[in-house]
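Below is one structure, written out as structure tokens, with a few remarks after it.
The values are calculated or read from the model by the stated rules, or taken from the named source; none is laboratory data. Model, not experiment: these values are computed from the prediction. FYI the Cβ positions are ideal-geometry reconstructions off the backbone, even for glycines, and counts take in every protein chain you see. In case anyone asks, the SASA skips ligands and DNA or RNA and just uses the protein heavy atoms, side chains included. Shrake-Rupley method; radii C 1.70, N 1.55, O 1.52, S 1.80 Å.
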Amino acid sequence: MTHEQAQKISHEVQILVVDDEPLMLTSLSRLLSGAGYQVQTARNGTEAVRHLETSPCDLVLLDLMMPGLTGHEVMDRIQAKKIDTLVIVVSGDVSIESAISAIRRGAYDFVRKPYEPDEILKRVQNALASRRLEVENRGMAKRLRRSEQWHRYLVNSSLDLIYSLDTEGRFTFVNNAVGHILGLTKQDLLGKHYSAIVHDEDVLGVAQLFNERRTGERSIRGVELRLKRTNNSQLHSLKRFVPVELNAMGMYDNDGAGQRRFVGTYGVVRDIADRKRAEETIVYQAYHDLLTGLPNRALFQDRLAQAMTQVKRNITRLAVMFIDLDKFKFVNDSLGHVAGDKLLQALASRLRSCLREVDTLARMGGDEFVLLLPNINESSDATLIAEKILLALQQKFVIDDHELFASVSIGIALYPDDANTSGNLIKRADIAMYHAKNQGRNNYQLFNYTMDAQESGRLTLVRDLRNALEHNEFEVLYHPQVDIPSGQIVGLEALLRWNHPTHGLLSPASFIHLAEETGIISPIGEWVLRTVCGHAIEWRDAGHPLVRIAVNISPQQIQKPDFADKFLGLLGEYQIDPALIGIEITESTIMKDVENTALKLRKLRDKGVEIALDDFGTGYSSLSYLNKLPIHTLKVDQSFICGLPHNTGHLSIVNAIATMARGLLLRLVIEGVETEAQLDSLVSIGCNEYQGFLFAQPLPPEKAAELLQRNHAERRIEVKVAAQA
């Protein structure tokens, strides 16, 4: 077939996509339309059935889990109404019962969400090719029925084994399919009893099947059994039997007296080996991780439940290990996800080599694995396996010519010592793993109940943190930045505080790390920026002096691809001059991705946004990236100030930073100034700006505005007096 012919056929094909998820419906429709197919959509089962009843359709891509009519019920309607179409199930329902039920209802194929576009296009092509063959076969059947000659040709050309038996159960006719299904010739079977080809274990149960006397709807339909085959069959594996589906009915004629007389049985045997293999594949995919070949969460839960039952019977113990690959994100970010997948496969193989045959290693998702150790006596039996794993991982991995060393953090929980349910057992192994990470990674920790209390407090704090925005518990305070020679406020730093309902006013040190871990930091960061913009507008409209306000930006915020555009867009929304709202970032934020961060910072700088590097001196302090990045201001960490004026070493460091800042034409702000002696030390080395409790505590918006107004008024008076003098 030429490309032009294939393209013409695809344009003539009608496909119906049925899914209640608008995003999935749209993406799948666009994918198929892009491949040249005519696509219609239905948002639920009822709409799909209505469409199929009124419009011909070659193929239906059907979701199972929908409100109203489910996908299974849609297939029932298709069968009941004898609608001529093929069905490919595209579903996120991973239960094997659901998948097998779909196949038994006539589904041509089953694709699990999420799917690969190339995969689903291939499945669609295969289904449509099958339908074309089916349509062609139906046309052929119609022509063949016109004569006995054509009828016999059809019978002998069928891929199904068609046969007839006499009243004693001996073969009187078999078609040519006996060769490829059973590896026999017609002569091998004619005159033989049907039991000669039935699997020995099935013989007793099939007597009434092969000797079927009923006709019509009451006759045998779709009964599964196994038939023997010879080694001559090349189309199957080395198994000595083939699974088949049997349809049979009695044959009758009229004797001379007009009485119906039973003359034998007519039957059709269909080879269902391919269907069985498809069912086995579906079962495997439902219970295994396709990347590593390990059991998945569902199979692990099943085996854990069985093992817990055995523990109760035998009065033993079992252990669950939660295993997390340390710093896996670094591998994905530096070498790519393909290399990351290969590392996970190699890790799975290395872990399996450390286990007993009775143990179950499963992949929970991402870089997390869980291990079931049944039939153990003491916790030392589990720690022995953990130590074996840590030792095995000391050997390097070679991934795409890269030598990698991988370590894991392991948490261990015992049943029934640490939990009495499977869910709690896995949860507590996970808690112990979290503590192993806190202990520096590359180690294991046994669960104890102090960990549970700590985790419970942590989870409570996470819950409260998620509710804090909705309950309006956050507030922004402002800390002045002061020009030393004039005493004038030249800037403000916006500082986040949390008014916790039970713990009182909390500084970011108490919750920012948790907010970053849980992903809550992004909405909090946006709230801070909007709040600062709102205060800036209020002060501007009230006629207060305008100074630069600096907002702290988290790594998660700046790593988002659209960070710069969203930041500038929000300033535009509030109609604020970008020169009035600056940002403060830490050295560690930059070092996560220097190149991409630099691009975003340059975009902000070009619009007038001032960029300050916070906590300078505590991280990398690299001159090379200071020269490359669009930074306006360095803020020296307060840890260098607290020892002044007595700590001459710290004073020397600050002096060196000040000299460097002047050389690079950067502003320098000294944080944490609390005494006059500290301020005098800074003046002695030529520092011009500071921030600290010596001048003012962080202030709420109203107090900050009053201080700005008063400070600028005093400076005007001083300037006027100096001019008059």
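With the requirement that a residue be touching a Gly at 6+ places or on another chain (Cβ under 8 Å) and closer than 13 Å to PRO630 by Cα, what does the stretch 588-614 give you? It would help to see each step written out before you state the result.
Just the residues of the stretch 588-614 that are touching a Gly at 6+ places or on another chain (Cβ under 8 Å), to begin with: 588, 591, 609-612.
VAL609, GLU610, ILE611, ALA612 - these are the residues of the stretch 588-614 that are touching a Gly at 6+ places or on another chain (Cβ under 8 Å) and closer than 13 Å to PRO630 by Cα.
Of all the residues that make up the stretch 336-359, how many are open to solvent by 10 Å² or more (accessible area, probe 1.4 Å), out of contact with any strand residue (DSSP E or B) (no Cβ under 6 Å at 6 or more places or on another chain), farther than 22 Å from ALA436 by Cα and not hydroxyl-bearing (Ser, Thr, Tyr)? Qualifying residue count for the region: 7.
In the list TYR444, TYR478, which residue meets the criterion of being at pLDDT 95 or above, on the phi < 0 side of the Ramachandran plot and in contact with a strand residue (DSSP E or B) (Cβ under 6 Å, 6 or more places away or on another chain)?
Values: TYR444 fails: at pLDDT 95 or above.
Sole residue among the options that is at pLDDT 95 or above, on the phi < 0 side of the Ramachandran plot and in contact with a strand residue (DSSP E or B) (Cβ under 6 Å, 6 or more places away or on another chain): TYR478.
On inspection, ALA362 passes the criterion of being touching a residue at least 12 places away in the same chain (Cβ under 8 Å), within 17 Å of the chain's Cα centre (by Cα) and surrounded by 12 or more Cβ atoms within 10 Å (Cβ to Cβ). Among the residues of the stretch 168-196, those that are assigned to a helix (DSSP H, G or I) and hydrophobic (A, V, I, L, M, F, W, C) comprise ALA177, VAL178, ILE181, LEU182, LEU189, ALA196.
Taken as a whole, the stretch 195-206 holds no residue that is crowded, with 19+ Cβ neighbours inside 10 Å, under 53 Å from the mean Cα position of the chain (by Cα), within 13 Å of GLY264 (Cα to Cα) and at pLDDT below 90.
Here PRO243 fulfils each of the conditions (1) buried (at least 16 other Cβ atoms within 10 Å of the Cβ); (2) within 17 Å of THR360 (Cβ to Cβ) apart from (2). Flag: LEU465 does not match the condition of being touching a Pro at 6+ places or on another chain (Cβ under 7 Å) and either more than 24 Å from LYS703 (Cα to Cα) or in a strand (DSSP E or B) (or both).
Which residue is surrounded by the fewest Cβ atoms within 10 Å (Cβ to Cβ), if the candidates are limited to the stretch 490-532 and must be modelled with pLDDT of 85 or more and among the aromatic types (Phe, Trp, Tyr)? In this case the residue turns out to be TRP527.
Check the stretch 443-463 and report whether any residue there is more than 30 Å from LYS327 (Cβ to Cβ) and either surrounded by fewer than 19 Cβ atoms within 10 Å (Cβ to Cβ) or of a type outside the set (S, T, N, Q) (or both).
Applying the first criterion (more than 30 Å from LYS327 (Cβ to Cβ)) to the stretch 443-463 yields none.
No, there is no match, as no residue in the stretch 443-463 is more than 30 Å from LYS327 (Cβ to Cβ) and either surrounded by fewer than 19 Cβ atoms within 10 Å (Cβ to Cβ) or of a type outside the set (S, T, N, Q) (or both).
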